[in-house]
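To start, the structure itself, in structure tokens.
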Amino acid sequence: MRIKLFSCLFFLITVSTLTQVKAQMVYENINSGVYEYLDRMSQKGLIQYHDLIKPISKTILYAKLLELKLIQAKLSLFEQKELDFYLQKYVVGNEIEGDTMKYLNFTRKALPTRFFIAKKGDTYINVSPVIQFSNNTYSGKSYNQRAWGAAIWGRIGKHVGFNLSSRDITENRTDLTRDNAINNAQTGYVLLTQELAKTKSLNYSEYQASIGYDWKNGFISYGQDNLIWGYGENGKIVLSEKSPFNQYLRLNYQPYSWFKFDYFHVWLNSNYIDSNSTYGFGNTVYGGQRVNYVPKYMASHTVTLTPHKGIDISIGESIVYTEKLDLGFLFPIMYYKGYDNNKSNYNILNGNNSQFFLQLSLKNIIPKSHFYTTLLIDEIKISKIFDEQQSRNQLGFNVGLQVNDLGLPYLSAYTEYTRVNPFVYTNINPAQNYTSYGYNLGDWVGNNFDRKIIGLKYTPIPRLRLELRYQDIKKGPNYSAEEQYLQAPSKKFLETVIYAQTQYLFSLNYEFSNNIYLVGNCDKTTTSNELYNAIYTHNNYSIGIKIGL
């Protein structure tokens, strides 16, 4: 803990002494509709918007909205209405004057969910409720989900921004399995109780928080959230929202319009008990032992080059390591693979799990469109890449295209293909798998699969987002470490299919007021279990309201 605090203070002091800090640092929830709105505007070439890594600060989002305000004549009527809505939403700290305190602030149209606002000079604080209720069916079983909590965010002077969100979630279920959290892209969770048969419910909590500095050319922050890297429909192969929230230290620096550098260090959960640090309490209560898990971390950095408006080329590296915090991986510009090889004496039993990734993003190069492709390299032998006997092509990739205003304003069509080869995300040391809390950090399906997606997105009225999607997945087995490291030739991609799944999905998301959403979806999912020669078809649905999320 001392090392962690020292590292955070070191970064904060260094940045504050080298730059003139001038703005707030508050992240926007990754589910906010403003992300999709700004992404669409950038795909039409109206703004240059870098959204490779999320979440993004409210300051940056607000600045992009102001850019659009200057050219609002180029926007459609719906787009202008949405722009005005989001501008009101992000006029943070400026909607009240002087030294002010308000309770139950329902008087302003843009701010109906702020229950408490206080401001004095450049310091202000906002408190909002977090409420959620939905009715769901999954695999033929019904359950209700409800959540409550609070969100707090604001600014301390001109230097520091902060946010905190906490909610307690309960699912009253007749089916107490966790399939709904494992077999889809939704964020996983850590149960508060394992006695499901007694409670007849699932109960878990989610906590998000951050504090940071924002200056002219970048920002630094420390917090707990999901860091999302890359693009993808219903899954991302580098970093997705699948894992429960993790603590992180994050740094961004953009000295030139064409050069951007991102770094983060994440504290993960290995789910592996460290027997060496386990000790007895001297009693038999609940087993009478202190249980400690093997410490687990990830460090990652990315360079993004923008040679032309709308073209982003990103090159990144990450490493998952265990046992103890390593200051070498807290150095943002270290070459992690080389450092780890030297540190471990090139001994595979003493090394860590590294990855390389590439991203190409083309916005409005094809008019009103976004083309992207991602390559994740877990392990590869360049000299043996075409040798069927000795190749180790443990990599994944996706390629996707979205075209906007297709015949109708605000109608978009998209398609995507994803493939992840066998053994990607896994390691000889299972504590170093590309996971946290047992959930995959990358694509939720895992490895040895491919996915084909085609869909439509439409906004018939401002802030009402409709989506129709077809998805086809084929999944092969998860092979053992012995098969990964000792068997030659390596296992082929999908040489055995354990299940195939097709899904037709319709979803809606309507933000009818600031941070008050009506959400719903229905899908027909057919799964063919090849091992048991069985076919299952389920019609699932969900309808609910979210406030403050």
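The values are calculated or read from the model by the stated rules, or taken from the named source; none is laboratory data. Just so you know, these numbers come straight off a predicted model, no measurement behind them. Neighbour counts are summed over all protein chains in view; Cβ atoms, including those assigned to glycine, are modelled from backbone coordinates with ideal geometry.
Count, please, the residues in the range 63-74 that happen to be in contact with a Leu (Cβ under 9 Å, 6 or more places away or on another chain) and under 28 Å from Leu360 (Cβ atoms).
Residues that pass the stated criteria total 6.
Among the residues making up the range 159-189, those that are modelled with pLDDT of 85 or more and of a type in the set (Ser, Thr, Tyr) are Ser165, Ser166, Thr170, Thr187, Tyr189.
Residues in the range 329-342 that are in a helix (DSSP H, G or I) and surrounded by 15 or more Cβ atoms within 10 Å (Cβ to Cβ): Phe329, Leu330, Tyr336, Lys337, Tyr339, Asp340, Asn341. Of all residues in the range 517-543 being hydrophobic (A, V, I, L, M, F, W, C) and exposed (fewer than 14 other Cβ atoms within 10 Å of the Cβ), which is nearest to Ser134 (Cα to Cα)? The residue in question is Ile535. In the range 112-156, of all residues being of a type in the set (Gly, Ala, Ser), over 24 Å from Tyr86 (Cα atoms) and in a strand (DSSP E or B), the one that is farthest from the chain's Cα centre (by Cα) corresponds to Ser142.
Yes or no, residue by residue, for (1) under 21 Å from the mean Cα position of the chain (by Cα); (2) surrounded by fewer than 22 Cβ atoms within 10 Å (Cβ to Cβ); (3) polar (S, T, N, Q); (4) not in a helix (DSSP H, G or I):
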position	(1), (2), (3), (4)
Ser354	yes, no, yes, yes
Phe397	yes, yes, no, yes
Gln402	yes, no, yes, yes
Pro409	no, yes, no, yes
Tyr414	yes, yes, no, yes
Tyr417	yes, yes, no, yes
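Residue pairs whose Cβ atoms lie under 8 Å apart, sitting 6 or more positions apart in sequence or on different chains, and linking a residue in the range 425-437 that is free of Cβ contacts under 8 Å to residues at least 60 places away in the same chain to a partner that is surrounded by fewer than 21 Cβ atoms within 10 Å (Cβ to Cβ) and hydrophobic (A, V, I, L, M, F, W, C), are Thr426/Ala481. Select, from Tyr517, Tyr504, Tyr541, Tyr499, the only residue that is within 21 Å of the chain's Cα centre (by Cα) and touching a residue at least 12 places away in the same chain (Cβ under 8 Å). One residue alone meets the criteria, Tyr517. Evaluate the range 356-378: report whether one residue or more is in a loop (DSSP other than H, G, I, E, B) and under 28 Å from Leu268 (Cα atoms). Looking through the range 356-378, none of the residues is in a loop (DSSP other than H, G, I, E, B) and under 28 Å from Leu268 (Cα atoms). Residues being at pLDDT 95 or above, part of a loop (DSSP other than H, G, I, E, B) and within 9 Å of the chain's Cα centre (by Cα): count how many of those fall in the range 231-244. Going through the range 231-244 one residue at a time, the tally reaches 2.
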